[in-house]
Every structure is written in C-alpha cells, then in structure tokens.
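**Q** Please read through the structure below; I'll follow up with questions.
Each value in this text was obtained by applying a stated rule to the coordinates, not by laboratory testing. This is a predicted model, so every value here is computed, not measured. Please note: Cβ atoms are built from the backbone with ideal geometry, for glycine as well, and neighbour counts cover all protein chains shown.
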Amino acid sequence: MKRENIDELVKVEYHQTASCPLKDIQFSFFKIVYVISGKGFLKINNNMASFSEGSLILLTPNDQHHLEIIEKTELLLVKFSERYVKNYKWNSINSMECLLYGASYLSGCILQNKPDIVLVNSIVDSLLHGIRHPDLYQDELTLNYVNALIVIAARNISKMRAEQITSNTDKRVIDILNYIQGNIHDPALLKVAAIAKKFGFSETYLGSYFKKQCGETIQQYILNYKMRLIEHRVLFSDMRVNEIVTEFGFSDESHLNKFFKKRHLMSLTEFKKTKGIKGVA
C-alpha cells in the first residue's frame, strides 16, 4: 500500500489522464476530487462506486483508494491537511473535521444537494482560473474558494447522514449526535447528565432512547467516536502525545494511554509503530 503526504496545508492541482492516478493509495490528508470530464470507478475501503462529469468525491485519511479510468478524465484535486481543518476558525461548525470523517462511510459522489451544484461549478471554475492565470493575492483567493468547497462538502455529508435515518426514526437523535461530535473535546459536556439537560430528557430516558435509535449506548458511541479521532491524530498528524492529552481533556499521558490500551491492548507509540509509521514523540 502506497502512502502519499503533502508538505503544505492546502494544495490545488489539475490533472488530465487516461490512466489511473490513484491506485492502492492511503493519504495522510483529506482530498476533494471533482470530475471535470470523463468517467470510471472509484473503490474506497472495498466499496465500489462509479463517477462521471460533475462528481464530487471526498477521500479521507486512513482510507484505501483505487481509481479506475474508463475514458480520458480531467480532475481537479484539492488536498488539505487535518491540521488545517482543525485549526481554521469555522464560524458555525464546531467540529468540521468530525463531520468530514463521515465521508469514509459513504461511497461515490457526495454532491447530493442540488442547489450546491451551481456553487461547486462556480468554485471549480474559479480554482481552475487561478491555476491557469495566477495573479496578485492568488493564494488568499484560493484559500477562500477551498474553504467554501469544504463547507459545501460538509453540508452534503450532513444531509446524506440525516437521510439515512428512516422516517420512523426520531430526528432528535441527529441533534444529539451533532452535539456529541461538536463537543467531543470537552469531557464535561459529554457527561450523560449534561446531554440529558441539554435536550430535556431524564438520564434514564436518554440512555434507553439513544440505545434504541443508534443500536449502542451513548457512552459506547462517545468512546468509539473519540477513539477514532485519536487514532487519526496518532497516524496522520505530527501531534505529540501531550498535545492529544490536552485536546481531548485527559488528565495526563498515563490517563490517555490507559484509555487507548483498553481498546487496542497497546500504547499509542506501539500502535503507530505497528502501522509502519514513525512513532509518536
């Protein structure tokens, strides 16, 4: 399995190809792929989906990707690091990176909100214009276009996730999931008592309600979600263990390692080494 890295926070590229530019690759960053023309198939984590002109695909770190080209294809690639998403001050989205990671559960084009198609086409045209005709303050313009594309991707993922809930399911669970993901770095706000108070439930009712809607307890969901984010930090960022401790509200490194070992039966450093990547500092 090949692994690709970038040495920039954001990078935009144009490619025209008749052969596969992505084959058995793992990225250490997010990548938005917009298909300008052409068609083929994309395999993500053993899930196969077709793509064609106008497809917008989000590839996330740690996922396995394989692209098969059927006919000559033009692609706009927007690469951005996990650190860029985490550090940028998004106005109304508390945990943008959490939402984007949801794309790993989806296959194919994420552009399902029809009004966004016009916006994406305009952004893509602007990015292509910047590549072909660079001018003063081009980097600043590019970042604004990329940010808009990231927000549109997040919006479509959010809508797709909501649509996956059946009509018989109480839609309040979406609000609870969004609350948990948005406050995943604050242990005090993730206590069952705090969540129950926020949504006007008793603690007992919240527990049974969440289990019925999601198939797991609310504590299991919180722990699983937090673990997945920590795994990504360990494998695909240059964060030190003490930085992860601070971000997720652990008391110290020993507390974090105890939490991690309970799931993986090894420390963070050992986990990273078993994945064939240089260990955590």
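**Q** Can you list residue pairs whose Cβ atoms sit under 7 Å apart, with the first residue in segment 133-149 being touching a residue at least 24 places away in the same chain (Cβ under 8 Å) and the second being assigned to a helix (DSSP H, G or I) and surrounded by fewer than 18 Cβ atoms within 10 Å (Cβ to Cβ)? Count only pairs 6 or more apart in sequence or on different chains.
**A** T142/G130
**Q** Hey, I184 hits all of (1) assigned to a loop (DSSP other than H, G, I, E, B); (2) of a type in the set (A, V, I, L, M); (3) loosely packed, with under 13 Cβ neighbours inside 10 Å but one; which does it fall short on?
**A** The single condition I184 does not satisfy is (3).
**Q** For segment 207-215, does any single residue satisfy the condition of being free of Cβ contacts under 8 Å to residues at least 12 places away in the same chain, of a type outside the set (G, A, S), under 30 Å from K171 (Cα atoms) and out of contact with any His (no Cβ under 7 Å at 6 or more places or on another chain)?
**A** yes
**Q** Please enumerate the residues belonging to segment 167-209 that are in contact with a Ser or Thr (Cβ under 7 Å, 6 or more places away or on another chain) and more than 22 Å from K89 (Cβ to Cβ).
**A** Across segment 167-209, the qualifying residues are A196, G207.
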